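Right, one structure below, let's go through it.
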Ligand SMILES: Cc1cc2nc3c(=O)[nH]c(=O)nc-3n(C[C@H](O)[C@H](O)[C@H](O)COP(=O)(O)OP(=O)(O)OC[C@H]3O[C@@H](n4cnc5c(N)ncnc54)[C@H](O)[C@@H]3O)c2cc1C
């Protein structure tokens, strides 16, 4: 049972069920999404509604227990078609991934964030497998939910300054590497089978960085859990990498390729976080929209008081516009990806990186405000443990930090303005 003491009336709790929360999003999206997008969204939503009912999910479970079931349906990642590992998804690309996020995040936001971290291991395996069976095996494990993934960029002494890593790699004559160093705040770290890690031949020399796929059962992997109280069901790791031997078949990027590969991954990571954040906004809004229509004070639904109705209208308009922007960006990216056969021209790719920062920046700030304001509008009910608002309040407080802080996105965008100016 999610709560011991019921603070919200049965009737309201029942009305705020997942199916109704999805209906609110669907009514909003119908006019701006294609038929294919809506069909896929509904397909994932139906699965989630059914899963919640048949498995009696109350969102206190171990989120990692959901992975195999969602993986079997193909709901872990839709960034790619994944034909190399025989998945051949019909619905794939950024816009479809956005639909997947909207459905899964509203089902369970902490689960959705842990999927996001697995995706960060999926994307480099997908981009750099070069047909190697060892990497494809890991990719299949991850995409089908048979195993968890994590990404190791951040170190205790190098967070925002990720290109000056202290972790080192040593190259051997047979093409293998040995990796040593300490990593921290790795989402899924203690649960992951596959980790994608970065390290440099020489400390602080980003140009010597490599990118490595590690099986966490290998000698030299040591991990403990870092507690982040706002996301109590997500396991976040601090890893001591002690001379881990990475065979050449698992080298995703040799020394020197680390930084381009890192930035390629960060663009998708930021878009993914923006998807997650906008889904969190819809999660919070849908609760508050239903609640404010049903909760009576002074003999009227609280929605009818301007303090509530106008605040909700303001939040709704912000969420609606960012949703539309993200969808448009995703569709255009998918279009260009197809047109240029996966090799988007450099100028467009650079602008896309900046767009990813813009949306990550805006959507993470918006999610924090929307979750807080919606909980606030719901009064005591919004801050109690009776609904998933509790999870949304927690998770939205860390979104500005993950994937590069708010200030780092501003820093990237500031440099972008300089590059634009130089083109004049
Ligand atoms: C829940 C959670 C999950 C995470 N998951 C992962 C993961 O899976 N993998 C991974 O590798 N990392 C992960 N991280 C780490 C995350 O990416 C870093 O925390 C983040 O990049 C900031 O690094 P830091 O914590 O060292 O802060 P610092 O870099 O020390 O920053 C501290 C403050 O200084 C500001 N600052 C730093 N440099 C500048 C600058 N140049 N200009 C202006 N302000 C600046 C920052 O904005 C921040 O406010 C996770 C973090 C959290 C909290």
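The values are calculated or read from the model by the stated rules, or taken from the named source; none is laboratory data. Just so it is clear, the structure is predicted and the values come from calculations on it, not from any experiment. Using ideal geometry, Cβ is built from the backbone for each residue, glycine included, and neighbour counts are taken over all protein chains shown.
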Just checking, how many residues over the stretch 367-397 are part of a loop (DSSP other than H, G, I, E, B) and in contact with a helix residue (DSSP H, G or I) (Cβ under 9 Å, 6 or more places away or on another chain)?
7
Considering only the stretch 85-98, I want to know if a residue exists there that is within 16 Å of the ligand (Cβ to nearest atom) and surrounded by fewer than 24 Cβ atoms within 10 Å (Cβ to Cβ).
no
Residue 379 vs (1) away from the ligand (no atom under 16 Å from the Cβ); (2) at negative phi; (3) touching a residue at least 60 places away in the same chain (Cβ under 8 Å): all pass except (2)
Of the residues in the stretch 299-330, those that are under 14 Å from residue 366 (Cβ atoms) and not in a helix (DSSP H, G or I) come to none
For residue 176, state whether it is modelled with pLDDT of 95 or more, over 21 Å from the mean Cα position of the chain (by Cα), surrounded by fewer than 19 Cβ atoms within 10 Å (Cβ to Cβ) and within 23 Å of residue 129 (Cβ to Cβ).
yes
Of the residues that make up the stretch 185-196, is at least one within 11 Å of the ligand (Cβ to nearest atom), more than 17 Å from the chain's Cα centre (by Cα), in contact (Cβ under 8 Å) with a residue 40 or more places away in the chain and over 30 Å from residue 88 (Cβ atoms)?
no
What are the residues in the stretch 384-409 that are more than 7 Å from the ligand (Cβ to nearest atom) and farther than 18 Å from residue 281 by Cβ, if any?
384, 385, 386
